[in-house]
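In what follows, a structure is listed as structure tokens, so that the remarks can point back to it.
The values are calculated or read from the model by the stated rules, or taken from the named source; none is laboratory data. Since the structure is predicted, the reported quantities are computational estimates derived from the model, not experimental observations. Cβ coordinates were reconstructed from backbone atoms using ideal geometry, including for glycine residues, and neighbour counts include every protein chain displayed.
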2 protein chains.
Amino acid sequence: MRAAILSTGDELTTGRTLDTNANYIADQLLGIGCEVTAIMTVGDYPDRIAAAWRNLFSHADVVLGTGGLGPTADDLTTETVAKMIDRPLLSDNATAARIRRLFESVGRSMPENNLKQALFPEGATILDNPLGTAPGFRFETETPQGIRRGVVMPGVPREMKHMLADSVIPWLRSLRESTDEYRSHTFQTFGISESALDEMVADVLDPNTTRLAFRAAFPQISVRITVHGPPEKLAARLESAAAAMRERLGEYCYGEGDTNMETEVGKVLAARGATIGVAESCSGGLVSSRLTDVAGSSAYVLGGVVAYANAVKQSVLGVSATTLESHGAVSVEVAEAMARGVRKLTGATYGISTTGIAGPDGGTQEKPVGTVCIAIDSEACTASHRYQLWGNREWVKLLTSQIALDWVRRAALGEDPTRSTVLRK
Amino acid sequence: MRAAILSTGDELTTGRTLDTNANYIADQLLGIGCEVTAIMTVGDYPDRIAAAWRNLFSHADVVLGTGGLGPTADDLTTETVAKMIDRPLLSDNATAARIRRLFESVGRSMPENNLKQALFPEGATILDNPLGTAPGFRFETETPQGIRRGVVMPGVPREMKHMLADSVIPWLRSLRESTDEYRSHTFQTFGISESALDEMVADVLDPNTTRLAFRAAFPQISVRITVHGPPEKLAARLESAAAAMRERLGEYCYGEGDTNMETEVGKVLAARGATIGVAESCSGGLVSSRLTDVAGSSAYVLGGVVAYANAVKQSVLGVSATTLESHGAVSVEVAEAMARGVRKLTGATYGISTTGIAGPDGGTQEKPVGTVCIAIDSEACTASHRYQLWGNREWVKLLTSQIALDWVRRAALGEDPTRSTVLRK
């Protein structure tokens, strides 16, 4: 089955917003063996939207569109699609009532233009959107090239992703003619670049039966293996491929499946009944925020201190003036004192700390921007390391938080946390 | 002049690589008043590449393509374009010699397939690529829709950007018939939904001279106005449109231009020489992390406490056991005590606090998931409010952080922080 993707919105054709939806959809379609023949983006003009649908129907059996389902005047997708396939727009009562209820539940009256989101082309199948007001829909139409199928989803990424997984991928699976199935497994890695990862795993698997896909959305660098074949052989095929990959990746792999570092840290801490206290300078609260993104994290996150000012490092974390003066705020000595301080303050099993220069200013010859010290403290021992990271402020914060989280994960697993990463010089 | 953009490469249609080139080019074209009517992506197949060029020529006067100029077998752009416009490929001696020199300069012998990069369609104008081996080129061709122009650039972003700025944009400027220019201005809003915003500003500006674009990437909801016309009239036109929009938006607008809430909070605090201390329970460090995303924030962010466990609320922030017991951790009383506590601890001008139930668990009938209390403390006064927010854990954290930041901004401006938002019931 050949698929095409259409993104609509002036914000995309004017370069204001980077389209990440098409990339995500293409990746998901690959996972079920669907080939993407074309991706297209047009602005909010009915003639361009209609021309794009028609053009893509000549390249693919099914076209997946996103965007233009909002309540405002520049949201034109539904109306344009209805005209293109020559069907009237009908209001769906259940959807209208649901939208009204959503507004009522937050004590607001619904602006009348939101009712536009309850209109669908006659004959369309409505696709639920539990995360927003605009449902999606799918339709069939006769084109000069034959019967074609279209799917319309919201442009908001989290709404689109949910709808894609919930309503679209299962339906696409059911449409395929071959009884061959596809199954994937993903490995999350840290401490290795995408190109080094590519080289490292190049010869692990037979390319005739297993497809590799790399994905770098830092701090997530993952490799996905996809096997295909008759359903009864699939489980064994995937298992053997995964075992080979697992062995090759070794400790570069920190988790498998749809997970991330903060989730894995949480699993390890929870399994051991351990708790964590966080002392952050250069990461500014990001380590704590990521830890607490995980549902149920209150079971192991006791709390933390964002010690941006040196006075706070002293008064709250008990870092001594002497240590600060003789080594500077960005030093392994201060990092260790911060980790010890926050462990004492919160009574946690582990104290983790970060201190560094996120930039763009504040660097010196001796400690340039990107200098970051990390320390972890437990009853057993204190460990620390000085890294030279790179990139802009956002990147340094992100990388620092990823390393700190990996330290906690390794420490809780009983490993040496300073083995965390080849990112170190 | 209408333009279209074509990106080629299997890595794009399989979701492996996110295409950032098209977005960058679209943004640059807008700056010279070039309208992008379509963006397309296809994989490395000659028929798909040729079909995409033909389709885009029907949408635009000039098509800018990237990718497929490398030395390997799957780099098919030059050969495909030559065939499409029916011109032979000719080797350019100067380019061939340059590529050979490039390899020699790093002490390597040139693989013969690199000579492919010295081939161009007859009549094409070669575009220098000082940053890589593959030059680009531009060509003219007669299509059913008339004379069309094509530009081919490398897919490597830094090479493409250099070529675009150096060779392509100046040439496009020289081609334009109209001397009209485009200029935009953006307003950032909070406390109003996208649809309500749309209704609110619908009649402010003349749609014939000003285009409105809304964008909701929560917590950013913005409206951008774009005017066009002769350069000498543009500044006045934009100014008058912006003034009308500014008046209508009133206090829903918290900033103008390419900014966000944390940046605006920083500006207001820095301008007043004020400082901030943050006490977070349900937002888990996100308020601190967002504040410290801003370069230079160490001038006004003293620090913060993530008080997830009640014991930390007591021992670090000095919330009394009685207050915790009689009102519960999620209460305006505890929020106020946290704000007071962190102000005292850090010595900041303002103490801001959050405590709530982010979910998915932990809700009760009296305090369901999404119950969030926010407080701010200064020498002058303490203010607090209980909100009923909605959405999943991530959303509650994000919304909580946005409200808390807006409270700080309003307080520092001397406004009543509790006016922050119509999101409150």
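Which residue is nearest to the other protein chains (Cβ to nearest Cβ), if the candidates are limited to the range A:302-326 and must be more than 17 Å from B:Gly341 (Cα to Cα) and surrounded by fewer than 17 Cβ atoms within 10 Å (Cβ to Cβ)?
Once the filter is applied, the top-ranked residue is A:Gly318.
Given (1) away from chain A (no Cβ under 14 Å); (2) surrounded by fewer than 24 Cβ atoms within 10 Å (Cβ to Cβ), identify the lone condition not met by B:Ala339.
All conditions are met except number (2).
Kindly indicate whether B:Thr364 is surrounded by fewer than 17 Cβ atoms within 10 Å (Cβ to Cβ) and of a type in the set (Val, Ile, Thr).
Spelling it out, B:Thr364 is indeed surrounded by fewer than 17 Cβ atoms within 10 Å (Cβ to Cβ) and of a type in the set (Val, Ile, Thr).
Check whether at least one residue in the range B:49-67 is free of Cβ contacts under 8 Å to residues at least 40 places away in the same chain and among the acidic types (Asp, Glu), and report yes or no.
no
Filter the range B:238-296 for residues that are basic (Lys, Arg) and more than 13 Å from B:Ala404 (Cα to Cα) and give the result.
Within the range B:238-296, B:Arg246, B:Arg248, B:Lys267, B:Arg272 qualify.
Among the residues of the range A:344-354, write down those that are buried (at least 24 other Cβ atoms within 10 Å of the Cβ) and within 12 Å of chain B (Cβ to nearest Cβ).
A:Thr346, A:Ala348, A:Thr354 - these are the residues of the range A:344-354 that are buried (at least 24 other Cβ atoms within 10 Å of the Cβ) and within 12 Å of chain B (Cβ to nearest Cβ).
Provide a single number: the residues in the range A:363-373 that are in a loop (DSSP other than H, G, I, E, B), among the β-branched types (Val, Ile, Thr) and away from chain B (no Cβ under 14 Å).
1
Do any helices (runs of 4 or more DSSP H) entirely within the range B:1-115 hold 1 or more residues that are crowded, with 16+ Cβ neighbours inside 10 Å, touching a helix residue (DSSP H, G or I) at 6+ places or on another chain (Cβ under 6 Å) and more than 8 Å from every other protein chain (Cβ to nearest Cβ), and if so, which?
The helices (runs of 4 or more DSSP H) meeting that bar are B:21-31, B:46-57, B:77-84, B:93-105.
Go through (1) more than 28 Å from A:Ala60 (Cα to Cα); (2) free of Cβ contacts under 8 Å to residues at least 12 places away in the same chain and name the single condition A:Asn208 misses.
Evaluating A:Asn208 over (1) more than 28 Å from A:Ala60 (Cα to Cα); (2) free of Cβ contacts under 8 Å to residues at least 12 places away in the same chain leaves (1) as the failure.
Do any helices (runs of 4 or more DSSP H) entirely within the range A:309-362 hold 1 or more residues that are in contact with a Gly (Cβ under 6 Å, 6 or more places away or on another chain), and if so, which?
Because the criterion is at least 1 residues that are in contact with a Gly (Cβ under 6 Å, 6 or more places away or on another chain), the helices (runs of 4 or more DSSP H) in the range A:309-362 that meet it are A:310-315, A:332-346.
Which members of the range A:116-137 meet the condition of being surrounded by fewer than 19 Cβ atoms within 10 Å (Cβ to Cβ) and part of a strand (DSSP E or B)?
Residues satisfying the conditions are A:Leu119, A:Thr125, A:Ile126.
Tell me, please, whether a residue that is touching a His at 6+ places or on another chain (Cβ under 9 Å), more than 10 Å from every other protein chain (Cβ to nearest Cβ) and either at pLDDT below 95 or on the phi < 0 side of the Ramachandran plot (or both) can be found in the range B:374-386.
yes
Of the conditions (1) within 14 Å of another protein chain (Cβ to nearest Cβ); (2) within 30 Å of A:Pro111 (Cβ to Cβ), B:Leu164 satisfies every one except a single condition; which number is it?
Unmet for B:Leu164, out of (1) within 14 Å of another protein chain (Cβ to nearest Cβ); (2) within 30 Å of A:Pro111 (Cβ to Cβ): (2).
When you go through (1) more than 25 Å from A:Pro157 (Cβ to Cβ); (2) out of contact with any strand residue (DSSP E or B) (no Cβ under 9 Å at 6 or more places or on another chain) one by one for A:Pro71, which number turns out not to apply?
Result: A:Pro71 fails condition (1) only.
Going by the structure shown, is B:Ser298 free of Cβ contacts under 8 Å to residues at least 12 places away in the same chain and either under 20 Å from A:Ala279 (Cα atoms) or touching a strand residue (DSSP E or B) at 6+ places or on another chain (Cβ under 9 Å) (or both)?
yes
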